Amino acid sequence: QRMRAPSNHSLVWPEAPGSWGKWVRLNVGGTIFLTTRQTLCREQKSFLSRLCQGEELQSDRDETGAYLIDRDPTYFGPILNFLRHGKLVLDKDMAEEGVLEEAEFYNIGPLIRIIKDRLEEKDYTVTQVPPKHVYRVLQCQEEELTQMVSTMSDGWRFEQLVNIGSSYNYGNEDQAEFLCVVSKELYNSPNGLSSEPSRKAKVRPTSGWWWHLSGFLEGDVNPG
């Protein structure tokens with residue numbers, strides 16, 4: 001149960017008889033939460049259990065007698081509900097990292113493990129997304145093919161070679177020209193965006209070399 005702290009100081013909830021009453025009020029970052037001592041003591045090593053037992057921790061109280069806790073109330077609801085029924089239930093827009101931060105503060109071991117397992121599963125799912133294939137088309141002469149393919153940057157691989165005839169004459173000999181198609185796999189980063197590695201496909205020109213990047217294709221199907 002969740003209630004706002006009263007603005008009128010004359011309106012005060014009555015204290016439960018004795019310091020070991022069944023119900024406990026918590027003022028978390030200005031928001032009042034009402035729960036039972038049994039719920040708070042469910043995890044005996046937690047901050048909340050030690051707080052309500054009053055043996056080790058001394059905490060200030062507000063004018064209503066609620067324990068003052070300087071933490072974000074947004075994430076306290078899932079913490080309290082977990083102590084009530086042992087399940088982690090989150091709104092779709094609530095960040096699990098935020099709940100994890102609070103669970104670590106309150107030292108609730110089982111909840112910490114559950115959230116960390118969820119986050120690890122998310123990371124694993126991201127890495128299992130099928131990669132995209134990027135294709136590049138390089139134009140070169142016949143005598144340049146072997147060296148061009150052998151000196152491509154890491155990650156790029158040869159896909160297809162297309163003979164496009166001859167466009168240049170050197171002396172009396174025609175120089176056949178080719179389109180060399182190469183590809184590289186790109187994986188999705190954790191934020192959902194594809195990122196291309198920093199090293200681009202490149203050919204190290206030597207004497208007599210001529211090459212031209214004639215096109216850039218992107219898709220999921222090999223050229224054929």
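The values are calculated or read from the model by the stated rules, or taken from the named source; none is laboratory data. Predicted, not measured: the structure shown is a model, and the values here were computed from it. Quick reminder, even Gly has a Cβ in these numbers, built from the backbone with ideal geometry, and neighbours come from all protein chains shown.
Taking the options Thr125, Thr74, name whichever one is of a type in the set (S, T, N, Q) and at pLDDT 90 or above. If you could, list the steps in order and put the result at the bottom.
Values: Thr125 fails: at pLDDT 90 or above.
Only one candidate passes the filter, namely Thr74.
Residue by residue through segment 2-44, note down the ones that are small (Gly, Ala, Ser) and at pLDDT 50 or above. Spell out how you get there, then give the answer.
Step one: of segment 2-44, the residues small (Gly, Ala, Ser) are 5, 7, 10, 16, 18-19, 21, 29-30.
Once the filter is applied, which keeps residues that are small (Gly, Ala, Ser) and at pLDDT 50 or above, segment 2-44 yields Gly21, Gly29, Gly30.
Hey, among the residues in segment 63-95 that are more than 16 Å from Thr35 (Cβ to Cβ) and touching a residue at least 24 places away in the same chain (Cβ under 8 Å), which one's surrounded by the fewest Cβ atoms within 10 Å (Cβ to Cβ)?
Asp70
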